[in-house]
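Have a look at the structure below before the remarks.
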Amino acid sequence: MKCKKEEFVEGAIFHLYNKTPKGKLLFKCDKDYLYFLEKFKKNIQKYPCEVYAYCLMPNHFHFCLKQNSDKPLYRIFNDTLTSYALHYNSKYKLRGRLLQDRLQNKRIKKDSYLILLCKYIHYNPLKANLVRKLEDWKYSNFLEYSKLRTGTLFSNELVVNYPDDFENYSSEIEEYQKYIEDNEFTDLLIDYE
């Protein structure tokens, strides 16, 4: 469900995501992922936010962000995706739209949902069989939660506020996998194959 512009207020938390049309790739090589992330990092300086979770996948992306100013978060993606699409189309000699639709977003209002959403986002590469261990996927901030990397696209706010939920994050993801198999929570999430 898309949020109304007036919902993008300071302190609001959102799940922002998008995907390519079926059969197309959003990222074809490491340099594509890195280019996108560099543009995103540059743009969050203009539109301050907390990066709770993100994951870039070959054909889609997920971000969970908290807006830290009156500047709407979706503008980060307007700027990042415009720049990325121009770069991508030029690099691969393509034309036209890169993504299937406009940026999708959902406002997160419950802490319990927020924590499960972060686990869902980080679980994506494992679910898609891109890696055998989440530690092997470089294009998410799971490594920061697991204390295996100290990147800049990571806010430790959730770790500080909910230490029990993030103390052993790798095993928490495994528990999450069991949870979603037995719960209606999956109906609320977006599943890209």
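No lab work stands behind these numbers, since they all come straight from the coordinates. Bear in mind that the values here come from a model prediction, so they are computed numbers and not experimental data. Don't worry about glycine lacking a Cβ; one is built from the backbone with ideal geometry, like all the others, and counts go over all protein chains shown.
The local environment of Lys138, defined by Cβ-Cβ distances under 9 Å, has a net charge of -1 under the rule Lys, Arg +1 and Asp, Glu -1. Based on the Stokes-Einstein relation at 10 °C and a viscosity of 1.306 mPa s, and on the Kirkwood radius from alpha carbon pairs, the chain is assigned a translational diffusion coefficient of 93 µm²/s. Here the Karplus curve 6.51 cos²θ - 1.76 cosθ + 1.60, taken at θ = phi - 60°, turns the phi angles of region 155-161 into couplings of 10, 8, 3, 5, 4, 5, 7 Hz, with x standing for Gly and Pro.
Scalar couplings 3J(HN,Hα) for region 139-145, obtained by applying the Karplus form with A = 6.51, B = -1.76, C = 1.60 to θ = phi - 60°, are 9, 8, 9, 4, 4, 6, 4 Hz; x denotes Gly and Pro. Counting only DSSP H runs of at least 4 residues, each contributing -39500 (n - 2.57), and dividing by the residue count of the chain, the helix-based mean residue ellipticity at 222 nm comes to -12500 deg cm²/dmol. Note that region 65-71 has calculated 3J(HN,Hα) couplings of 10, 10, 6, 10, 7, 7, 7 Hz, one per residue in order, obtained from phi through the Karplus relation 6.51 cos²θ - 1.76 cosθ + 1.60 (θ = phi - 60°); glycine and proline are x. Can you flag which of Lys39/Lys110; Lys71/Lys93; Lys42/Lys91; Lys5/Lys39; Lys66/Lys147; Lys4/Lys147 are past 32 Å Cα-Cα? Beyond 32 Å: Lys71/Lys93; Lys4/Lys147. Checking every one of the chymotrypsin sites (Phe, Trp or Tyr not before Pro) in region 47-98 against DSSP loop status and a limit of 15 other Cβ atoms within 10 Å picks out Tyr92.
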